[in-house]
Structure formats: structure tokens, C-alpha cells
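Read the structure below first, then the notes.
The values are calculated or read from the model by the stated rules, or taken from the named source; none is laboratory data. These numbers come from a predicted model, not from an experiment. Counting neighbours? That spans all protein chains shown, and the Cβs are built from the backbone with ideal geometry, glycine included.
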Amino acid sequence: MTSPHLVPDHARNMRILGHSDQGGRADGIQVMVSKGYAYVGHVFSNGFSVIDVRDPRRPVFVRHVPQPQGTWSQHLQTHGDLLIVNNMKDLLRDATLNPERYYRGSIADKLSLEGPQGYAAGMRVYDISDRANPREIAFMEVPGLGVHRVWYDGGDWAYISALPPGFTDDIFMAVDFRNPERPEPVSRLWLPGMHKAGGETPGWEPSRRYALHHAIVKGNLACGAWRDGGVTTIDVTDPRAPRLLAHDNPCPPFAGGTHNTLPLPGRGLMVVVEEAVFDNLGDGVKRNWVYDIREPANPVSIATMPIPDEADYARKGGQFGPHNIHENRSEGFQSEELVFISYQNAGLRAYDISDPFRPREVAACVPPAPARLMDYRPDRPRVVDTTDVYVDRDGLCYCTDMNAGLTIVELEGV
């Protein structure tokens, strides 16, 4: 008898190979895969989990690694024998921050970042030379709210988004990572108006949230996603002195929530993913954009990708819209023509952008609804919520969900 976890609600050119409930902690945000092991950051269950995926049809939960109480660790990075895990205040546990307050306006206006924290703020580094047994080797404190997300794909530098005291929200920071046991933040960059302690005043509507979700770095170019603040291109030739090249923001009139900015340097392109954050299109239609960045100082939007329409996802319940993109990491699948995007209640989508002016959806998989909810917030719908995707060198897609565990998907016929 086929497990219900392996029967998709919808599939085209994809099939589900395997599933894991992650040891009963079925909530997940970011996922990385390294030498047959998946690492999943949790949003409700604290810490992160390790899953043996050497047999993708029979993934095996290995262990859960907790983080300090009151701490979010939903984002992580792997490269070589290193794992980096973010630490920041668990905002879902803050009674004053419902989703409306979290996503509308600047976070620093709603929280006190002074005095006793009750959470860890920074990033942790683990040695994963023994893939099943991460061993902590460093903690880099970043005072304030903590680190939201990290970009590290080898080399001497890591790049983080974090909210230090004195700023309105998350900013860009470069970290000297030459010695992983002693990482050190060395520079900062922000959008004008964000440095409140420096006398700057925001020039945007108070309902908008200008905050760096994270930047993706390819070569000497960092592309930043600033939520309602749009996108930036940043020259990191000298990470000690990052230099803003361009800032483009289609919000308004479009809905904002920029979440990922993936440069495709071989083609002079950038794929931009917006995040849907409210149920039933409550924050408008979020889109996936294609930009021409052949001239990084003048990014130009040239197309948007098709929106899933084989079902009425707007009325399905939960969030309908993009969330994360496979980031073309050096140890995983790399393509500048085939793009994988998690689409929350519409599952996983793959797009062919060989013609960047006419992107096409070429494959999709909508996993089944979760058996139960890990989300402890009241009145949440029991629907699929595909949050992230990592694609390995064999083309297997590892998808996380807010409630439904890890689903491993195989691409077919593309």
C-alpha cells in the first residue's frame, strides 16, 4: 500500500520519492543537503534536525540539535565540513507580534533590543565532518535581534542579515570567516533611512517593512532582497567596504515582500522571488521576477513567471505565493536556465527561463496536506505549505513544509 505522504495532490513531470516527519518535529524552513544528510531548521520546534537521506526513498531521522530557549534557528547553511545556524529572537513567541505586526512596518519600533534578552543573538558554527553528529565550534554574537539569515558557499567570507541596536530593521553585514572558530563581523551596509541612531529618518510609508531578508553572493556581486524595500546590487570586491551599486523597488505599485535575489552571472540575469505572508492573498499577488543585470548598476525587470493556475489556490486556504528559491549552490544542482521555487500552498514549481523574456513552468509537485499541525497559532488551515527547496547534483529536490516534514521529489522528463 502506498504511503499517503507519497501521493501528491498535483504533479507534472515530478514524483514524490520519499518523506520524513523529521522525528516528529515536522516543521521546517531552510534545508541543506551535504554528503547524504539533510539539515532542516525549525520554526516552531526550536533548533535543527539531521536526516539521513542517502536512500532518498527511505530517509531516516538521526537527531535533533536544540538551540537556547527563546531562540529561532530556522535558517542554516552548509559547505564542506561546516554548518552555520542563525540565532535570533523567536518572534512567534512574542505576544506583541502577530503576523500583521511582524510584516507591517519596522521591527525595531515594536521591540526593545536593550537589557536582558532571553534568547541567543548571533550565529553558531558546527563541524559536520561526522555528518550525523554536528559539533559546535563557534558562536559569533551579534547584539540586538540576532541574525536572520546567512549566505556562505565556501571561501573567506560569510554574509548575514541582522538587526543591531540603532537600526530600524535587518541590514547587510559581511563576516570574516577565514577562521571558522573565530568569525568576526567587519562591515555594514543599509538603505538610507534605516540608521535611526545616526539621525536618519525613513522615507517610506510606515506600513512598509524595509529589511534585508538576505543577500546571495556570486563572485564580487551581492544581490540583496529588502522585503518591501525591493532589491539592491552590492559590490563586495572588498567585503570590508561593500558598495551599493543600485536600488530598485517595484513596491508600490506591486505588492512587495522581496525575499530572494538569485544572480545568474553567466547570463547577466537575476531571479527575484517575493514572499506571500498572509492567507488568501491578504497581502496581494506575489510574483517571481526576472531582471537583466548585465549592467549591475542598472538592474532592469524584463519578465515575471507564470502563476500556478491548475487549481484555485487563492481559495485553498493558507498562503498562496512564492517563498524560497534553490540558490544554485556550488555543492548542489546548478543551472542558469532551470529554476526551482517553493510556492507554499501550491507546492514546488520548476521554471525554464532559457528565454528570459518568456519564462515557462515545466514541472510541479503539490504534496498532500499535513497529517497534523505543528503551527501552534490559532485557526491555522491544515494545508500544505512548501517553504524551501534544495536540489542536489542528481536533480533530487528536498522540500520543507511548515507542518508536513521533509518531502523528496524527483524531476522527470525535463
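Worth pointing out:
- The single residue among Ala197, Ala162 that is within 21 Å of the chain's Cα centre (by Cα), more than 24 Å from Glu295 (Cβ to Cβ) and not polar (S, T, N, Q) turns out to be Ala162.
- The set of residues in region 286-306 being among the β-branched types (Val, Ile, Thr) and either at pLDDT below 95 or touching an Asp or Glu at 6+ places or on another chain (Cβ under 9 Å) (or both) consists of Val300, Ile302.
- The one condition from (1) over 24 Å from His5 (Cβ atoms); (2) touching a strand residue (DSSP E or B) at 6+ places or on another chain (Cβ under 9 Å) that Asp379 does not meet is (2).
- Ala211 being buried (at least 24 other Cβ atoms within 10 Å of the Cβ) and in contact with an Asp or Glu (Cβ under 7 Å, 6 or more places away or on another chain): yes
- Given (1) closer than 22 Å to Leu406 by Cα; (2) of a type outside the set (Asp, Glu); (3) within 21 Å of the chain's Cα centre (by Cα), index of the condition Gly70 fails: (1)
- Residue tally, condition within 17 Å of Ala38 (Cα to Cα) and out of contact with any His (no Cβ under 8 Å at 6 or more places or on another chain), over region 326-353: 3
- Within region 32-55, the set of residues being closer than 14 Å to Asn86 by Cβ, crowded, with 23+ Cβ neighbours inside 10 Å and either among the hydrophobic types (A, V, I, L, M, F, W, C) or touching a Cys at 6+ places or on another chain (Cβ under 6 Å) (or both) comprises Met32, Val40, Phe48.
- For region 343-355, filtering for residues that are assigned to a loop (DSSP other than H, G, I, E, B) and over 19 Å from the mean Cα position of the chain (by Cα) leaves 3.
- Looking only at region 276-296, and only at residues there that are in a loop (DSSP other than H, G, I, E, B) and in contact with a Phe, Trp or Tyr (Cβ under 9 Å, 6 or more places away or on another chain), the one that is surrounded by the fewest Cβ atoms within 10 Å (Cβ to Cβ): Val285
- Residue that is nearest to Asp127 (Cα to Cα), among those in region 18-31 that are within 21 Å of the chain's Cα centre (by Cα) and surrounded by fewer than 21 Cβ atoms within 10 Å (Cβ to Cβ): Arg25
- Selection over region 1-29 of residues that are more than 12 Å from Leu406 (Cβ to Cβ) and assigned to a loop (DSSP other than H, G, I, E, B) gives a count of 7.
- Residue list for region 297-320, filter: surrounded by 20 or more Cβ atoms within 10 Å (Cβ to Cβ) and in contact (Cβ under 8 Å) with a residue 60 or more places away in the chain: Pro299, Lys316, Gly318, Gln319
- Residue in region 147-167 that is modelled with pLDDT of 95 or more, farther than 24 Å from Val31 by Cβ, surrounded by 22 or more Cβ atoms within 10 Å (Cβ to Cβ) and of a type in the set (S, T, N, Q) present: no
- Within region 134-166, restricting attention to residues that are in a loop (DSSP other than H, G, I, E, B) and of a type in the set (D, E, K, R), the residue that is farthest from Asp388 (Cα to Cα) is Asp156.
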